[in-house]
Amino acid sequence: MDGRAASQTITDKIPYLLGAGIKPIVISAPTGRRDEVLPHYQVPAVAPSGLRFDFRHVLRMRFGNGWKYKISRGLMNLLLIPPLVLERLFIHLESQWSWFVLAYFRGARLIRAGKADLIYSTGGANSAHYAGYLLAKRFSIPWMVEIHDPMIHENWKRSRMAYAWAGYLEKLICRHASIAIWFTEKALERARERNPELGNRGHAIIPGAERPDFGDACYSRREFMSIGHFGSLSTTRNLDVFLRGFRAFLDGTPEARPKIRLEVFGADPDRVSRAALDAFPYRKNVVLHGRLEHDPVSGLSGRDRVLRRMRTADCLLLLHGQESFCEEYIPSKLYEYAWARRPILALTWKNPQLDGLLVKAGHDVVNAADADGVARCLETLYKRWANDELVDTMDAFLFPVGSAVKEILRLVGTLDGNR
């Protein structure tokens, strides 16, 4: 899905794979644009929940958010609701659970035609990895797995069936994958604890991201200090703790009130963030920009405008959440923030690897539950801003995709029978 972290992670690797003489063939859901360079096959899920998910996004791509989309979506829902209710009576999995069916048949056709030497399943959807497992088992060719988010974790909030399915699939990966890649050291460590048979086939590789196009934007100190948050908010990754710390800082530093703002870019706030905003007394110090759309005057897309605002912010706010899976997860937004080279205020949760990366580069890290820590950090940042000391960060903090691809190709080169 264009713009989502799972898609960006693989899309950014493609030029490096091509440069290394690899010819990728992509099988994906129909929720993004078809690639114009690579062989790219888009197949939908087959269950009602997956069809509704896929075609809702297909309709939005075709019609936008206007009346045509709303009418088409309504008709689609009328058709799918009866079988969807039936599905939900018996199956309690993520909506994309059935995508593996058509992905398997399309992959099998390509392998029979001699077009594939290695299967590479990547993404957050478990169905992608199950399709990879079935193809590897059927055709006895190497299978490389790249797992974006922890498959199972403590404080599971989805169904028992979903937990059992994810645990079963993780076990298949640890037993049968030729190479299994996690994005953090802790995620790899815990997967290996659950599945010792993984052995030395498991690896931790930070995926990174390609440098976004910031255009000619560059930082210069303005009349007020801007703290920018970019991306989605949720009940598990929200503004509550930051706003409590922001309030404490403004309570104790009245001279800063006309000179500092939190600027929020992206979707509407979640219910926890909305409640925190309602209780926040300094509403003029928070600006909700929502999604930036195409600007007909400048010709810049919404994405272009966001990147320019990111590059010119005085400080970037990174929210990690307070869920147990945060211990095994690094937000993909970190890599984009790194390329922006602006100071980062990160609210993190029990993740030494993430904390180490940030602290080593001179960024500020606060426990995600510590509002007082946020207030103290804001005081320091504000003083640095007043003295024009919020300078661009070091190049050493960048996360180029080429480094990740180089390591992946090294691992592939060690496989027996690699062609």
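The set of residues from the stretch 119-155 being open to solvent by 50 Å² or more (accessible area, probe 1.4 Å) and not polar (S, T, N, Q) comprises TYR120, LYS137, ARG138, ASP149, GLU154.
Taken over the stretch 60-114, the criterion of being closer than 30 Å to ILE152 by Cα, open to solvent by less than 40 Å² (accessible area, probe 1.4 Å) and not in a helix (DSSP H, G or I) is satisfied by LEU93, SER95, GLN96. The C-beta contact set for the stretch 155-173 (first residue farther than 16 Å from SER95 by Cα and at pLDDT below 90, second residue of a type in the set (S, T, N, Q) and surrounded by 14 or more Cβ atoms within 10 Å (Cβ to Cβ), distance under 8 angstrom, 6+ apart or interchain) comprises ASN155/SER324.
Residues of the stretch 17-59 being assigned to a loop (DSSP other than H, G, I, E, B), closer than 30 Å to PRO82 by Cα and open to solvent by 40 Å² or more (accessible area, probe 1.4 Å), which ones? Walk me through how you get there before you give the answer.
Of the residues in the stretch 17-59, the ones assigned to a loop (DSSP other than H, G, I, E, B) are 20-25, 29-39, 43-47.
Going one step further and asking which of them are closer than 30 Å to PRO82 by Cα, we end up with 29-33, 43-47.
Correct list: ARG33, VAL46.
Given the structure, is ALA248 buried (at least 19 other Cβ atoms within 10 Å of the Cβ) and small (Gly, Ala, Ser)? Answer is no for this residue.
Might you let me know whether the stretch 368-383 holds any residue that is open to solvent by less than 60 Å² (accessible area, probe 1.4 Å), over 27 Å from ARG247 (Cα atoms) and among the hydroxyl-bearing types (Ser, Thr, Tyr)?
Filtering the stretch 368-383 for residues open to solvent by less than 60 Å² (accessible area, probe 1.4 Å) gives 368-371, 373-375, 377-378, 381-382.
If we keep only those that are over 27 Å from ARG247 (Cα atoms) too, we end up with none.
Within the stretch 368-383, not a single residue is open to solvent by less than 60 Å² (accessible area, probe 1.4 Å), over 27 Å from ARG247 (Cα atoms) and among the hydroxyl-bearing types (Ser, Thr, Tyr).
Against the numbered list (1) open to solvent by 50 Å² or more (accessible area, probe 1.4 Å); (2) of a type in the set (Ser, Thr, Tyr); (3) touching a Gly at 6+ places or on another chain (Cβ under 7 Å); (4) closer than 21 Å to ILE227 by Cα, THR393 comes up short only at (1).
The values are calculated or read from the model by the stated rules, or taken from the named source; none is laboratory data. None of these values were measured; they are calculated from a predicted model. Cβ: placed from backbone, ideal geometry, glycine included. Neighbour counts: every protein chain shown. The accessibility values were calculated without ligands, DNA or RNA, using every heavy atom of the protein model including side chains. Shrake-Rupley method; radii C 1.70, N 1.55, O 1.52, S 1.80 Å.
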